[in-house]
């Protein structure tokens, strides 16, 4: 442990050395290839693979997961200086100055993500076998899920910004395909919240477009990096004298202003992918996709890619404190935004989506705190992956039981009918609100603690502001999650007539149980004790990649105040939620009652769509119309004018074409004379 | 001249020409001695064998020439007994330009012969069974009903091919004139041999002959004036004579101008292009493809030879001539192509426009002394143009009108009849699209490489105004090509194409005929499909991977 601490004494300052991959790590490409090949096979074979397609679709991520475990065990057995392993696959792009190799970076950070993606992914694949059983396009669904897993693994294993972007676009594509999965009327085996095929298609497009805005930031960032440093690779290839972006920025090859600009562009990309303010609007609508998709892509993995990007780009952000501060501000704003929206949502999936947004806000905020926060952001990310995925699967189980109803006002008292779902969902609920001993207690409290630490900031007042935001956020989290849980499982039954809630099949409940175990024990095993100086197992493991938070977290307020203060706030929120939604006495109307302006606003996502419409869509539409008009009248007009003019001239030119051979000969003779005159005239001039 | 020294002939160098012309003579003999039923096969065999053999001989010469640096080989030399130095005896010169153009011409001939030989299920080819018969007469109907075959086409094509090959290899004006006539006379005949629309075909033949004779007269008059001014007909001697002033410059100037007018006529440059649409429309379509591609290649190479070998020093005086003609040709050709509604006339005007683009490359190097870029660009352009032209006219020959009883009749040349061809015959329409894109110079087709070569040559030589006009003209002409593509694939969307106006004869008498709307691709023995396939494949291949061919042409020119 001491060597670890020493190694990470000055994070970011030393250039991390990558070594050539050995052993299982050198086979890291297969992590990506297995699901990619499976996806290709399922798509190419088409209906012929319908009978066994879902089985192949499950086997691929499971195999990747096993390989991931083996690689993780291998890295654990190595000295920390050898944990940054590089797999060189071959030359990828060789175009003039841009000479990029296709390589994978197998380090604790990427392996952590590999484990999260493949393990949670495998569970969700298994769950989907049962969930999508009656869908005639189940094979295609698994193909897309496999495609997503392959793309996401590419994203996290990439050794350059460009390859990362490749995976980044891949997950965007998979997300788009899966949100709009039910985009045909004939596919309506399932109907999500009564959404029509058109609404699903619109939701997928919205997600795609919002992501494009972020992608622009990524492209600009890559362009700036290439222009400034001449490379977009993270590290130089081991054994060569090449240098990567992170090797160079550590040596001051990048001015602070430029590093800030690049950092902000990367943040824009992260905002798009992770649904952070102001690009958050797509996530709620993305719930149109099948629930396993919401669990895997829009809760556990893809939406956390933005956090991964910021943490991975740590050496860059270390050079740009101002960009980092913006990251923290964005995280704080989204944290409160998501929490407020979550308090008012009646759609169970949209409430969970708001919660996801808010929790990723926590991670962003932590990542924005710099070396203090990188590791704990990832720890919370992984823990969140477990409990949020578990809760989404639980929500899917509830919908399964309630004929695809998503309105929580029509749930209530489901706990008695579906024990597995009740208990596993309850684990997730307790984990996210930070119940002592469960995962969220360790992972989220360490973020709150870090937010209060003075040395993450440049101004002395900042820890108080950010710390308070995280504490308020924790209270709001406790309120909206308890509201969700109580409205669904406690209180009086408000079911639609004719619904007969029942427990889901085993294939669906067992993945929920496994995830619930993760919600229960992950934090205690991997996380940081609020009162200890030990950073937790996962932080230590991540140290070679992201540095060590140990020396840096020095809260401005004593930890007991933070910990117990948070617990008291959470307890109050819990009590409030119980009295209003949980107890037998609580009256939950089946229709949303009239409420204060704030609640109405929160129900409408704080008018984010209206704001987007007013600021972007309507001006954009008018700008487009103006452009179309200009194009039609001016450009096309000019083009058509040229064509029309040419045709008119052509009609004139056709005139001498009379068919009379004598006239042709005369024209030739005149032509000769004219040419002689021209030539002779040129002589004189 | 004290006596006559026996010239030494390098037979290997003249072999390609000898093979083709020899095969033509054999073909004439076949007509006399082989029974009618076997003639077609025999003629086809001779033509194809001769073409392939000629290509082989060209390849051998190519190999020999690649070993030598920067010199041309003279096929006939006079050994000088005093110095041992072999002086060229004019006549034929074999250099890189000769070989490239001969290769293109032979390939064009081979591909065209395949199209000519192709017959429909009713054993009809494109040629009238009895040329001498009065159109519509009983005699003609008799010949048709007896299914007589016109097989003299093959030796005629071989004669024309031989003429073209010599035309591009001449080293003096007299040989050039003879070659010009050898290539032209068979074409005059061939133009009049169309099976259908006999009157139009015969009119085209006569027009071509009369105007061609006029142009030949101008050519020979020009040659005479040049001889009068310089005292020689040999290119090298004329080149030497033009360096030193002798007071007869004006005579030389006018002579060169007339000579070039003769060549401008052959390439179809404005204002000597008027025969092009009429003849291209009237001639049997396989012949149109052959002469549009072959004649243009040979004539342009002859023009390049005149400009770069015979008159390298006169660019200062005469570049204005080529500039004027090039601009006029590009503008008139591109604009006129827009208003055509007959596919053969459209392709004819398109070939006029292409002549203009090639002229920019001819003009480019004249006067700057750069002897490689201009000719190289000319050859690259001609290669691309020849492939697309032969392919396009072959398709025109296959797209037929549907008769009332469901059979196929004459060619559906009215553009309106091509509407929807993309649906009914996707493969043919796809190939035609490739050729049109190549004509338009769209990237990834051979046409783009050609356009790029000529405009780059023009810009490099400082002739950017020519390149500018060229780019604008290609943009205008592209409208016409895209109009056809849109028509083939989206018949409903394009503005309604007026009913075909068929220019049936003199006096501008246009007759609008109601025609059956839809055209169809006639089923044939498949020879034409080979031609279309080869042309389309090469057009795309040359567009995607131009490197090897361009380098080969460049190396042989150096």
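Side notes on the structure shown:
Per-residue answers, yes or no, for (1) away from chain A (no Cβ under 12 Å); (2) over 19 Å from residue B:214 (Cβ atoms); (3) surrounded by fewer than 24 Cβ atoms within 10 Å (Cβ to Cβ):
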| position | (1), (2), (3) |
| --- | --- |
| B:274 | no, no, no |
| B:277 | no, no, no |
| B:284 | yes, yes, no |
| B:288 | yes, yes, no |
| B:291 | yes, no, no |
| B:299 | yes, no, no |
| B:305 | yes, yes, no |
| B:309 | yes, yes, yes |
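- Whether a residue is over 26 Å from residue A:416 (Cβ atoms) and within 29 Å of the chain's Cα centre (by Cα) was assessed, and residue A:468 passes this test.
- Residue within segment B:320-336 that is within 23 Å of residue A:650 (Cβ to Cβ), in contact (Cβ under 8 Å) with a residue 24 or more places away in the chain, surrounded by fewer than 24 Cβ atoms within 10 Å (Cβ to Cβ) and more than 11 Å from every other protein chain (Cβ to nearest Cβ) present: yes
- Annotation: residue A:403 fulfils all but one of (1) within 28 Å of residue A:593 (Cα to Cα); (2) under 24 Å from the mean Cα position of the chain (by Cα); the unmet one is (2).
- Qualifying residue in segment B:262-269 (condition: within 11 Å of chain A (Cβ to nearest Cβ), closer than 22 Å to residue B:455 by Cβ and not in a helix (DSSP H, G or I)): yes
- Of all residues in segment A:587-620, those satisfying the criterion of being part of a loop (DSSP other than H, G, I, E, B) and within 21 Å of residue A:410 (Cα to Cα) are A:587, A:588, A:589, A:590, A:591, A:592, A:593, A:594, A:595, A:604.
- Looking across segment A:589-616, the residues that are more than 27 Å from residue A:277 (Cβ to Cβ) and at pLDDT 75 or above come down to A:589, A:591, A:593, A:594.
- Filter pass, residue A:645 being closer than 27 Å to residue B:342 by Cα, within 7 Å of chain B (Cβ to nearest Cβ) and at pLDDT below 80: no
- Residue satisfying condition, being in contact with a helix residue (DSSP H, G or I) (Cβ under 9 Å, 6 or more places away or on another chain) and either more than 14 Å from chain B (Cβ to nearest Cβ) or assigned to a helix (DSSP H, G or I) (or both), within set A:623, A:681: A:681
- All told, residue A:666 meets the bar of being at pLDDT 85 or above, within 14 Å of chain B (Cβ to nearest Cβ) and closer than 30 Å to residue B:317 by Cβ.
- The listed residues are B:533, B:548, B:462, and the only one of them that is assigned to a loop (DSSP other than H, G, I, E, B), more than 14 Å from chain A (Cβ to nearest Cβ), surrounded by fewer than 18 Cβ atoms within 10 Å (Cβ to Cβ) and modelled with pLDDT of 80 or more turns out to be B:462.
- All helices (runs of 4 or more DSSP H) inside segment A:448-566 with 3 or more residues being over 30 Å from residue A:292 (Cα atoms) and at pLDDT 80 or above: A:462-489
- Hits in segment B:208-220 - residues which are within 20 Å of residue B:314 (Cβ to Cβ) and either at the interface with chain A (Cβ under 10 Å from one of its Cβ atoms) or touching a strand residue (DSSP E or B) at 6+ places or on another chain (Cβ under 6 Å) (or both): B:218
- Matching entry among A:671, A:650, A:659 (being under 20 Å from residue B:268 (Cβ atoms), part of a helix (DSSP H, G or I), within 7 Å of another protein chain (Cβ to nearest Cβ) and modelled with pLDDT of 75 or more): A:671
The values are calculated or read from the model by the stated rules, or taken from the named source; none is laboratory data. These numbers were taken from a predicted model, which means no experiment stands behind them. Every residue, glycine as well, gets a Cβ built from its backbone with ideal geometry; the counts of neighbours run over all protein chains shown.
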